[in-house]
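Visitor: There's a structure below that I have some questions on.
The values are calculated or read from the model by the stated rules, or taken from the named source; none is laboratory data. Treat the numbers as computed from the prediction; the structure is a model and nothing was measured. Note that we place each Cβ from the backbone using ideal geometry, even for glycine, and neighbour counts take in every protein chain shown. When the accessible area is computed, the model is the full protein with side chains, heavy atoms only, and any ligands, DNA or RNA have been set aside. Shrake-Rupley method; radii C 1.70, N 1.55, O 1.52, S 1.80 Å.
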Amino acid sequence: MASLSLEHINKTYPNGFEAVKDFNLEIEDKEFIIFVGPSGCGKSTTLRMIAGLEEISGGTLKIGDKVMNDVEPKDRDIAMVFQNYALYPHMTVYDNMAFGLKLRKVPKDQIDKQVREAARILDLEKLLDRKPKALSGGQRQRVAMGRAIVRNPKVFLMDEPLSNLDAKLRVQMRIEISKIHQRLGATIIYVTHDQTEAMTLGTRIVVMKDGVVQQVDTPQNLYQKP
Ligand code: ADP
Ligand code: ADP
């Protein structure tokens, strides 16, 4: 069974702009799907609809065979990692990672177990008491991922998660993300402008233009030399 299906998904913004037109995709369990395409082609809009942060104008979004269109973001088995980290500045690393679980009323000892496990996976164990301003860019990005990982979601959405990092850190984090994907056995949908990221991480690449899916293929087929 597909882990996630997008069937004839459309998005028309309130101003009448059609940002996504008839998007169709079946994503299998544990796939690493890459969205590429020029700025403004609808990549973020599609991710936000999957996350439930943006209303779907038409079509059906399913996880397994369950229709998700009207399910609250917090009740979707989906976590999103943003480009700008979106950490709470006044909270420690621990509390940043625990926040989403507290919101869902997970018991405290269970929260503690999950936060510490995520911290171990992301090598954040020694930083749990720090505030975000006392972290490097790469550490902050790992905390942002930690916030997603603690929930152990079935699907991760990542919107250019490495674009604010310097070149060296990007390479390190790309390797990290690949390991995380394998360790967690999760499905990932990942937006990037970076062809190396697309080629090395992706199981399939979705090419978008003007709100329309142009092509879906493996990195090998898409980027092979003619
Ligand atoms: P991408 O992530 O590929 O850069 P987006 O999904 O952010 O593209 O945006 C797709 C298109 O929708 C863009 O033309 C953008 O300006 C437009 N758009 C995004 N958000 C809104 C909004 N709230 N209202 C109207 N148009 C929007
Ligand atoms: P990104 O480059 O990460 O896709 P944008 O800078 O396009 O983000 O958009 C930032 C925010 O502005 C988003 O929340 C998006 O919904 C909103 N936005 C983008 N384009 C428009 C638009 N044409 N009208 C209204 N809101 C927009």
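Visitor: Please report, as a whole percent, how much of the solvent-accessible surface of the chain comes from carbon and sulfur atoms (probe radius 1.4 Å).
Guide: 48 percent
Visitor: In the Gaussian network model of the chain, springs joining C-alpha atoms below 10 Å, which of Met97, Met173, Met158 carries the largest mean-square fluctuation?
Guide: Sorting by GNM fluctuation, first place goes to Met173.
Visitor: Then there is this: Counting heavy atoms of the protein chains only and a 1.4 Å probe, report the per residue accessible area for the range 135-226 as a whole number of Å².
Guide: Heavy-atom SASA per residue in the range 135-226 reads 46 Å².
Visitor: Amide H to amide H, which residues 5 or more places from Phe32 or on other chains are under 5 Å from it, using H placed in the peptide plane?
Guide: The answer is Ile188, Thr203, Arg204.
Visitor: Over the chain, with a Gaussian network built from C-alpha contacts below 10 Å, which listed residue (His181, His193, His90) shows the highest mean-square fluctuation?
Guide: Maximum fluctuation in the GNM of the chain, among the listed residues, is at His90.
Visitor: Another question about this same structure. Nearest 500 deg cm²/dmol is fine: what mean residue ellipticity at 222 nm does the chain get from its DSSP H runs of n ≥ 4 alone, each adding -39,500 (n - 2.57), divided by its residue count?
Guide: Taken over the chain, the calculation gives -10500 deg cm²/dmol.
Visitor: Once both axes come from the Cα atoms, what is the angle between helix 108-121 and the longest principal axis of the chain, in degrees from 0 to 90, rounded to 10?
Guide: It works out to around 70 degrees.
Visitor: Once phi is turned into ³J(HN,Hα) by the Karplus curve 6.51 cos²θ - 1.76 cosθ + 1.60 with θ = phi - 60°, what whole-Hz value does each residue of the range 186-201 show in order, with x for glycine and proline?
Guide: Calculated HN-Hα couplings, in order: 9, 8, 10, 10, 9, 9, 8, 9, 9, 5, 5, 4, 4, 6, 7, 9 Hz.
Visitor: Report the full-extension gain for the segment Gln110 to Met91: residue separation times 0.36 nm, less the Cα-Cα distance, to one decimal in nm.
Guide: 4.9 nm
Visitor: To continue, here is another question. Output wanted: per-residue J couplings in Hz (rounded whole) for the range 48-63, from phi through Karplus 6.51 cos²θ - 1.76 cosθ + 1.60, θ = phi - 60°, x for Gly and Pro.
Guide: Calculated HN-Hα couplings, in order: 5, 5, 5, 6, x, 8, 9, 5, 7, 7, x, x, 10, 10, 10, 10 Hz.
Visitor: Could you report the range 34-104's accessible area per residue, 1.4 Å probe, as an integer in Å²?
Guide: It amounts to 45 Å² per residue over the range 34-104.
Visitor: Taking θ as phi - 60°, what are the ³J(HN,Hα) couplings along the range 6-18 by the Karplus curve (6.51, -1.76, 1.60), each to the nearest whole Hz, with x for Gly and Pro?
Guide: Working through the residues one at a time gives 10, 10, 6, 6, 10, 9, 10, 6, x, 7, x, 6, 8 Hz.
Visitor: Using the beta-carbon distance between Asn152 and Asp65 and R0 = 30 Å, what value does 1/(1 + (r/R0)^6) give for FRET efficiency, to the nearest 0.05?
Guide: 0.90
Visitor: Continuing with this model, one more query. Pairing the Cα long axis of helix 167-184 with the longest principal axis of the chain, what angle in degrees results, from 0 to 90 and rounded to the nearest 10?
Guide: Between helix and principal axis, roughly 90 degrees.
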